[in-house]
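The values are calculated or read from the model by the stated rules, or taken from the named source; none is laboratory data. Note that the structure is predicted; figures quoted are calculated from it, not measured. With ideal geometry, Cβ positions are generated from the backbone for all residues, glycine too; neighbour counts draw on all protein chains shown. Remember, those area values only see protein heavy atoms, side chains included, never the ligands or the DNA or RNA. Shrake-Rupley method; radii C 1.70, N 1.55, O 1.52, S 1.80 Å.
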Amino acid sequence: MAHTNESMVSEFVLLGLSNSWELQLFFFAIFSIVYMTSVLGNIMIIVIVSSDSHLNSPMYFLLSNLSFIDICQSNFATPKMLVDFFVEHKTISFEGCMAQIFLLHSFVGSEMMLLVAMAYDRFIAICKPLHYSTIMNRRLCIIFVFISWAVGILHSVSHLAFTVDLPFCGPNEVDSFFCDLPLVIELACMDTYEMEIMTLTNSGLISLSCFLALIISYTVILITVHHRSSSGSSKALSTLTAHITVVILFFGPCIYFYIWPFSRLSLDKFLSVFYTVGTPLLNPIIYSLRNEDVKSAMRKLRNRHVSFWKN
């Protein structure tokens, strides 16, 4: 790779969340539970959607793909963080650091686009219900998933193409539990102002454009629902509430980081925990607890397994 001739840094030191052994044990217990719940919860959603014919709709197809992205996001840094709680000298290789940067931005970019696709699905379902089955067919859903992954990967590659060739000659300490792009760029042995502006522009454009598209979509949908008074509208409002909650909790920390990406406070690393560890848990908790169709499918699957073991 190009960095080998220019760089003296072959690994980075991750400072983690705390130097206190007691706090690290506490964090390990909490984050282990969150990690396992997140992975198992998202796997459960994929299994339920795949096994229940009543959930064979575009909304649940996109939801299961969102769960897959969340499983990927849960595993890009969290397992290493859990292991590092028991390691005094927390290090990651240069290649491992670049891989974390690539994976994080790929998954986050893909999730942003998929949330926009899910908003479009709800827009068609509520604002143009008579044309829903014609417009939101399986082919369009697959195209949405393909576009979301393509945009996420291209977004990530555009970051990595500039970062991988930066000269790193020390220091090599990253004040986080994973390789956070702004923190890694600051370690380069050069003036990184232009690089910082490029990073801010790249990340800011995709996050703000997706967020604005979601705000506009859900505003139009909510206005449409408000002008109706039926049980169907009530169910639509419940579904929308779940979608909007996920959007706010997902984009809140994201936009905060992109407004001040290179001026970090000590508290920000704990917000990074929510963004990387907690966000994948939003999908199974919010959609499972608020969605009657998913809860009904869960009960059917449970009863089916109980009957199988009894026989």
In segment 77-118, residues that are more than 11 Å from the chain's Cα centre (by Cα) and under 21 Å from residue 155 (Cα atoms) total 13
Some residue of segment 158-167 being assigned to a helix (DSSP H, G or I), surrounded by 15 or more Cβ atoms within 10 Å (Cβ to Cβ), of a type in the set (Gly, Ala, Ser) and under 17 Å from the mean Cα position of the chain (by Cα) | no
Look through 148, 156, 176 and report the one residue that is modelled with pLDDT of 95 or more and in contact with a helix residue (DSSP H, G or I) (Cβ under 8 Å, 6 or more places away or on another chain).
-> 148
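Residue-by-condition table, conditions (1) surrounded by 12 or more Cβ atoms within 10 Å (Cβ to Cβ); (2) outside any loop (DSSP other than H, G, I, E, B); (3) modelled with pLDDT of 90 or more; (4) not basic (Lys, Arg):
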{"site": "17", "(1), (2), (3), (4)": "yes, no, no, yes"}
{"site": "34", "(1), (2), (3), (4)": "yes, yes, yes, yes"}
{"site": "54", "(1), (2), (3), (4)": "no, yes, no, yes"}
{"site": "74", "(1), (2), (3), (4)": "yes, yes, yes, yes"}
{"site": "100", "(1), (2), (3), (4)": "yes, yes, yes, yes"}
{"site": "104", "(1), (2), (3), (4)": "yes, yes, yes, yes"}
{"site": "109", "(1), (2), (3), (4)": "yes, yes, yes, yes"}
Mind checking whether some residue in segment 175-183 is loosely packed, with under 15 Cβ neighbours inside 10 Å and hydrophobic (A, V, I, L, M, F, W, C)?
-> no
So which residues in segment 236-251 are in contact with a helix residue (DSSP H, G or I) (Cβ under 9 Å, 6 or more places away or on another chain) and either of a type in the set (Asp, Glu) or closer than 28 Å to residue 199 by Cβ (or both)?
-> 246, 247, 249, 250, 251
Within segment 129-143, is even one residue in contact with a His (Cβ under 8 Å, 6 or more places away or on another chain) and either over 19 Å from residue 206 (Cα atoms) or of a type in the set (Lys, Arg) (or both)?
-> no
Based on what the data block shows, is residue 95 assigned to a helix (DSSP H, G or I) and open to solvent by less than 10 Å² (accessible area, probe 1.4 Å)?
-> no
Identify the single condition in (1) at pLDDT 85 or above; (2) loosely packed, with under 12 Cβ neighbours inside 10 Å; (3) under 20 Å from residue 251 (Cα atoms) that residue 210 does not satisfy, given that it satisfies every other one.
-> (2)
Conditions: (1) modelled with pLDDT of 65 or more; (2) open to solvent by 20 Å² or more (accessible area, probe 1.4 Å); (3) in contact with a Leu (Cβ under 7 Å, 6 or more places away or on another chain). Residue 258 meets all but one. Number of the miss?
-> (1)
What residue, of 27, 31, 68, is free of Cβ contacts under 8 Å to residues at least 60 places away in the same chain and under 20 Å from residue 100 (Cα atoms)?
-> 68
Go through the residues of segment 125-133 one by one and say whether even a single one is buried (at least 18 other Cβ atoms within 10 Å of the Cβ), more than 19 Å from the chain's Cα centre (by Cα) and among the small types (Gly, Ala, Ser).
-> yes
In segment 76-86, anything open to solvent by 50 Å² or more (accessible area, probe 1.4 Å) and among the β-branched types (Val, Ile, Thr) is listed as 83
Where a residue in segment 106-131 is of a type in the set (Phe, Trp, Tyr) and its partner, wherever it lies, is open to solvent by less than 10 Å² (accessible area, probe 1.4 Å), with Cβ under 6 Å and at least six apart = 107/69; 107/73; 123/221
Being at pLDDT 80 or above, under 30 Å from residue 208 (Cα atoms), of a type outside the set (Phe, Trp, Tyr) and open to solvent by less than 60 Å² (accessible area, probe 1.4 Å) narrows 248, 244 down to just 244
